[in-house]
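Trainee: Here you go, one structure.
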Amino acid sequence: MGAKFQSRLEVLGIYLFILIMFVVILYPLLWVLGISLNPGTSMYSASIIPKHASLEHYKWLFTNPNSDYLLWYKNTLIVASAKTVISLIVVLFFAYAFSRYQFVGRKNTLYVLMLIKIFPVLMGMVAIYILLSLIGLLDSLVGLILVYVGTSIPTHAFLVKGYFDTIPRDLDEAAKIDGAGHFRIFFQILLPLAVPIISVVALFNFMTPFMDFLLPSIVIRSPENYTLAVGLYNMVNHEFGNTFTRFAAGSILIAVPIAAVFLFFQRYLISGLTSGASKS
C-alpha cells in the first residue's frame, strides 16, 4: 500500500511539474498575443485580454506603405530556404562518408568538429565580420547564408551521423551484391530510412533565420536586406518603443507557421532526435 501511494505521489509530482512549466511557457505567449490585439501602439496600456480586440496591427504590417514587413519576410524565407537546402546536402553527404567509410584523417576530423561544437558562434563574430568584408559579402544575404551553413554543419553532421550509424550495414552489403553503387545505396536505401533525422535537421535549419537576431544584426546593414528579427527590432528601436503592439503582431506571425510545421512533423522529430543522439 505504501509503495502504491508513493507511486501515485510521484506521478502527481510529474504532472504538477508539467503543469507549472506549461503555465510558464504559455503565459508570455498569451501576453504577446493579447498585446498584438490591443488597439493603439502603447504597450503600457495593453492588457492580456483586450476589451476591444482589433486586427489593425496585422493589417498595418501588410498594407501600410511605411511597413517593410513583407520585404523582411521575403528575405528571411530566402535565407531560411537556401540555408536548409545547402546545409542538408552538405550534412547528409558528410555524415554518410563518416558513417560508412574509413579514411585517413577521419578520426581527427571528428575530434576537430567536436571541438568546434564546444565554442559558441559568438566567439567568431569578429573573424566572420572581417572575412565577409574581405570577400565582399558583408551586408548581403549570400554572406549571411554562407555563415549560417558553416555554423550549422558541425552539430547537424554529428546528429545525422549518429542516425546513419543505427542503420544496419547489412543493407549496404546486400545492395552491393545486387550491383548498387555508392550513390544508389545513399539515395535509394539510406535516405528513405533517414526521413526522421532529415526532417529534424531541415526544421532546425529553417527555423534559425526566423529567430536569430545576433548574427544578422552584425552581418546586415542595409534596411532592404533586413531579416524579420532585425527588422522588427529596428522598428521598435527607431520609434522609441511606441510600436510594441505592431512588434507583437509581427512576432505572432513568425511563430504560427513554425508551430504548425512542428506539429505536422512531431512524430519524425521525436524519433529522429532520440535515434540520432544515440551514437554520435
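Trainee: Considering only the stretch 47-62, state which residues are closer than 16 Å to L253 by Cβ, open to solvent by less than 100 Å² (accessible area, probe 1.4 Å) and hydrophobic (A, V, I, L, M, F, W, C).
Mentor: W60, L61, F62
Trainee: Taking V142, is it open to solvent by less than 10 Å² (accessible area, probe 1.4 Å), under 19 Å from L88 (Cβ atoms), at pLDDT 85 or above and of a type in the set (V, I, T)?
Mentor: Here the answer is no, as V142 does not meet what is asked.
Trainee: Moving to a separate point now. Could you check, for the stretch 151-160, whether at least one of its residues is in contact (Cβ under 8 Å) with a residue 12 or more places away in the chain, in a helix (DSSP H, G or I), more than 17 Å from S87 (Cα to Cα) and among the polar types (S, T, N, Q)?
Mentor: No, because not a single residue in the stretch 151-160 is in contact (Cβ under 8 Å) with a residue 12 or more places away in the chain, in a helix (DSSP H, G or I), more than 17 Å from S87 (Cα to Cα) and among the polar types (S, T, N, Q).
Trainee: A further question follows. Answer yes or no: is there a residue in the stretch 94-107 that is under 20 Å from A202 (Cβ atoms), aliphatic (A, V, I, L, M), assigned to a helix (DSSP H, G or I) and open to solvent by 70 Å² or more (accessible area, probe 1.4 Å).
Mentor: Scanning the stretch 94-107, I find no residue that is under 20 Å from A202 (Cβ atoms), aliphatic (A, V, I, L, M), assigned to a helix (DSSP H, G or I) and open to solvent by 70 Å² or more (accessible area, probe 1.4 Å), so the answer is no.
Trainee: Restricting to the stretch 201-224, give me the number of residues that are exposed (fewer than 15 other Cβ atoms within 10 Å of the Cβ) and touching a helix residue (DSSP H, G or I) at 6+ places or on another chain (Cβ under 9 Å).
Mentor: 5
Trainee: Can you say whether I198 is open to solvent by 30 Å² or more (accessible area, probe 1.4 Å), over 15 Å from the mean Cα position of the chain (by Cα) and aliphatic (A, V, I, L, M), as far as the supplied structure shows?
Mentor: Taking the combined requirement at face value, the residue does not satisfy it.
Trainee: If you don't mind, there's one more thing I want to ask. Specify which of the listed residues (G150, G136) is among the small types (G, A, S), within 16 Å of I89 (Cβ to Cβ) and open to solvent by 10 Å² or more (accessible area, probe 1.4 Å).
Mentor: Exactly one residue qualifies, and that residue is G150.
Trainee: Six or more apart or on different chains, Cβ under 8 Å: which pairs go from a residue in the stretch 169-195 that's at pLDDT 85 or above and open to solvent by less than 100 Å² (accessible area, probe 1.4 Å) to one that's assigned to a helix (DSSP H, G or I) and among the small types (G, A, S)? Could you list them?
Mentor: Cβ pairs passing all conditions: I185/A175; I189/A175.
The values are calculated or read from the model by the stated rules, or taken from the named source; none is laboratory data. Everything quoted here is computed from the prediction, not taken from an experiment. For neighbour counting, all protein chains shown are included, and Cβ atoms are generated from backbone atoms with ideal geometry for every residue, glycine included. Calculation scope for accessible area: heavy atoms of the full protein, side chains included, ligands and nucleic acids excluded. Shrake-Rupley method; radii C 1.70, N 1.55, O 1.52, S 1.80 Å.
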